[in-house]
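Here's the structure, in structure tokens; my notes come after.
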């Protein structure tokens, strides 16, 4: 998803684990209470921020209808491809490619990749120009219909905007089936919707939340390898996730995260 997929959803709205101490914002799984307390003011603000973002996204002209051709074949961060659907990889796109232009549209001329992609006209194939190492490479991607992907994206946005958190979780699963990918962005947004669902129901976070948080961390580490400074940018968030898992009694998953970080940044595991 180069332009308007779940990377957009998460980058704009979902607070990363390091926005506050996990001890402050994440209920622990071993709490003695059968239900969680009422949300603190900062937690309410967090929910409102996510919902306001979704409403803003729905109001953007280029999200109102499917694109001429879908961009749901890859996930990018800072225009670096970090995840690929099989069909895009078969066409020649590679993880680590830095996208410069598609369909004659320069990304640098637009505020967001999604806005740029919305200008691409329908044709049998779309030319994608990327920087691969020290070379410029042009790739011809087939134009695939965007209707199913747009519907999946819109379902997620509508669910977040209206506070329907289970529908958000289900929508992300549907999006993964349509896009043939499960990116770190998708896993992160799943965590956020699980968190909001538990908060709205005044329940403790379920085991599925901690499992998904660990899966997000592992996927984020993998994706960080495909862009410069990828790990330093997310290291604090990863350590925040490890702390949250440790506090929730998920010690093995917490240690797994720190163990995977250590070889990449030269630290020792905790």
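The stretch between residue 166 and residue 90, if pulled fully straight at 0.36 nm per residue, gains 24.0 nm over its current Cα-Cα span. Normalised by 2.2 N^0.38 Å, where N is the number of residues, the C-alpha radius of gyration of segment 67-145 stands at 0.97. If you take the beta carbon distance between residue 211 and residue 231 as r and set R0 to 25 Å, what does 1/(1 + (r/R0)^6) give as a FRET efficiency, to the nearest 0.05? Using R0 = 25 Å, I get an efficiency of 0.65. Remark: relative contact order (segment 178-263) = 25 percent; criterion is Cα-Cα distance under 8 angstrom and separation of 6 or more residues.
Taking Cα centroids, how far is segment 193-253 from segment 136-158 in Å? The two parts, judged by their Cα centres, are 27 Å apart.
The gain in end-to-end length when the residue 109 to residue 78 segment is fully stretched comes to 9.7 nm, 0.36 nm per residue minus the alpha carbon separation.
Spin-label model, residue 137 to residue 49: label points 7 Å out along the Cα-to-beta-carbon direction sit 3.8 nm apart. Calculated on the alpha-carbon coordinates, the convex hull of segment 181-270 measures out at 90 cubic angstrom per residue.
The modelled label-to-label distance for the pair residue 64/residue 252, using points 7 Å beyond Cα in the direction of Cβ, is 5.2 nm. Divided by 2.2 N^0.38 Å, where N counts the residues, the Cα radius of gyration of segment 116-270 comes to 1.25.
Taken together, the values in this text are just the output of simple stated rules run on the coordinates, not laboratory data. Because the structure is predicted, anything quoted here is derived from the model rather than measured. Virtual Cβ from ideal backbone geometry, glycine too; neighbours counted across all protein chains shown.
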